[in-house]
Amino acid sequence: MERLDDEAQRSLTRRCPPIRGREGLAYALDGREVVSYCSNDYLGLSQMPIEAADATGSGASRLVCGDLEVHRRVEARFAEWLGHEDAVLFPSGFQANASVLPCLLSKDDRVHSDRLNHASLIDGMRLSAAPRSLLEHLQPPKLGSREAAPRDWWVCESVFSMDGDGPSLGDLEGHLAGGGCLYLDEAHGLGLFAGGRGRGALLRARPTITVAPLGKAFGCAGAFVAGSKVACAWIRSHARGFVFSTGVSPMLAAAIEVQLERVRGPEGEALRGQLWRKVDRFRTRLGASHGQAFPALRSPIHPIVVGSNARALAISARLLDAGWHVQAIRPPTVPEGSARLRVTICAGHSLEQVDAFADDLLRCLEDA
Ligand SMILES: Cc1ncc(COP(=O)(O)O)c(C=O)c1O
């Protein structure tokens, strides 16, 4: 097909890397034994054994006859932990963003979107009736007059997935204090900050809506959307990805319940301690001694922007030869001309592995 040929010409071909025999961060890929530096399994929870739930499917949409006790229990526990009044469980973060934004935002609202927001947030805003303006990355919106409508929604990520940076807590608080609404996607913050509760938990006022995809540090899948009782009631009866979709599998809901206890308890705290030790080691090795600049926000995500798609692929291939898997990230995931290696450090890496990886990375960057 012509379009695929055209993409190949521009080094944009994508494929799912066929992984075999995964054990923690190690697996076989294309005939090599490698260690992953591109996983979002920051705490290593994705491979924790879980006892099977007592059923596989919920049988119908939650609004028909698929609303099970385990759904209601895990939603209540999550909302209480995060300090929101209520929470709604979705099958995925993409489904949550793509269906909650259109149902919450009306034509009488204004939505302000960070220009580097995740595709699911962009699609959700596109499907909504609210007029949208783009914000420079990490800049807060300017609020209009505060006489009721229109409401100004700031839609952003607490830790940007491809950049590892995030808005300042002062700006987020200022926006809320000024009467704005905040829709905060905590995909890469949940599990890591403030006892695992994400960066939003460090705010003096709650975000209006917190979205918490569970496929990253939670090592699971699915997503909570948390907010006021009124907002959640509206979402349950109007978000199309909730109304017209089979209720989350009870197997997944039961697994989420177990992971929630792990993340919020001493096990999570110990894993966070291990994670930050490895992150600091990597940053020191690459930053202090080799001048690699990283975002001020301490997170597991380290973008190494190399510019051209072909160069990103070449460095990724060299790293694979050295036994490290770091996927090249190219447009449209990141803006044109900013292809990168997105290096993620996880609790499960050993300090020796971090050192060896950092040295090989520097060598490959110089050679390619
Ligand atoms: C910021 C952000 N939001 C939402 C999602 C989508 O979440 P999920 O993987 O659960 O669909 C992702 C995942 O890539 C993400 O990085």
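The numbers here are math on the coordinates, done by the rules we state, and not lab data. These numbers were taken from a predicted model, which means no experiment stands behind them. Glycine gets a Cβ as well: all are built from the backbone with ideal geometry, and neighbour counts include every protein chain shown.
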Using a cut-off of 12 Å between beta-carbons, work out the net charge of the residues near ALA314 (Lys and Arg +1, Asp and Glu -1, ALA314 not included).
0
Residue pairs, from the table LYS107/LYS229; LYS216/LYS278; LYS142/LYS216, whose Cα atoms sit over 27 Å apart
LYS142/LYS216
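Return the ratio Rg/(2.2 N^0.38 Å) for segment 225-356, where Rg is computed over Cα atoms only.
On the way: Rg = 19.9 Å, N = 132, 2.2 N^0.38 = 14.1 Å.
Rg over 2.2 N^0.38 Å, computed on Cα atoms: 1.41.
Determine one quarter of the surface area of the Cα convex hull of segment 62-264, which equals its mean projected area, and express it in nm² to one decimal.
Numbers: hull surface 40.0 nm².
So the mean shadow area of the Cα hull is 10.0 nm².
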Most mobile of ASP54, ASP165, ASP123 per a Gaussian network model of the chain (Cα springs, under 10 Å)?
ASP54
Charge tally for neighbours of ARG298 with beta carbon under 14 Å away, counting Lys, Arg as +1 and Asp, Glu as -1, is +3
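Give me Rg over Rh for the chain, both radii from the alpha carbons and Rh done the Kirkwood way, two decimal places. The partial results should precede the final answer.
Numbers: Rg = 20.8 Å, Rh = 21.5 Å.
Using Cα coordinates only, the ratio equals 0.97.
How about segment 71-110: which trypsin sites (Lys or Arg not before Pro) there are in a DSSP loop, with at most 11 other Cβ atoms within 10 Å of their Cβ? Spell out each step's value before the answer.
Values: sites: ARG72, ARG73, ARG77, LYS107, ARG110; in loops: LYS107.
Hits after loop and neighbour filter: LYS107.
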For the chain: relative contact order, % (alpha-carbon pairs under 8 angstrom, 6 or more apart):
22 percent
Cβ neighbours within 10 Å, averaged per peptide: list 251-261, 325-335 in order, most packed at the top.
251-261, 325-335
